[in-house]
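> The structure follows.
Nothing in this text is a laboratory measurement; each read-out follows from the coordinates by a stated rule. Computed from a predicted model, the values in this text were never measured in an experiment. Every residue, glycine as well, gets a Cβ built from its backbone with ideal geometry; the counts of neighbours run over all protein chains shown.
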Amino acid sequence: MLVAIAASCGPLKKGSSAIPEEDLIITRKYVGDFIEYRHTGPENYEGPNIIWVKTSLENQYGKISAYGKKCDFVAGDRLYLRRVFYSPGIVSGYWVYIIENDSSVSYRATDLQHDREVFIKTWFE
């Protein structure tokens, strides 16, 4: 019995079921504290409403563009970019990017961040 207890308290070895560190996927990333936003409407009635979110890390990310008419973030909110993988079919899937605070406010980010002219997916690479 003493041997069984000693063995269970010993150091654990990584087994084949352990996920290698390089295979972990980052799904949430801090993008700064909320400062302010502005709204731009569609050029025609068919286009989207876009909000441009300015954060304390604007020098790194630029203004973050997301879909919406107004922004309910409060000055000083810590903002995160979260990605969720959707797989509507058996074979394929795609990432959706969301800007959110620690509470319940979130907006879907645009795939192309026009301020820096980069795709948002590159922020996770």
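> What is the sum of charges around residue 63, taking Lys and Arg as +1, Asp and Glu as -1, for the other residues whose C-beta is under 15 Å from the C-beta of residue 63? Walk me through the numbers before you get to the answer.
Working: positive: 38, 54, 116; negative: 33, 36, 58, 115, 117.
Local charge sum for residue 63: -2.
> From the C-alpha coordinates alone, can you work out the Kirkwood hydrodynamic radius of the stretch 23-124, in Å? Don't skip to the answer; put the middle values down first.
Working: mean 1/r = 0.0703 Å⁻¹.
Across the stretch 23-124, the inverse of the average 1/r is 14.2 Å.
> Which net charge results when you count Lys and Arg as +1 and Asp and Glu as -1 among the other residues whose beta-carbon is under 13 Å from that of residue 100?
+3
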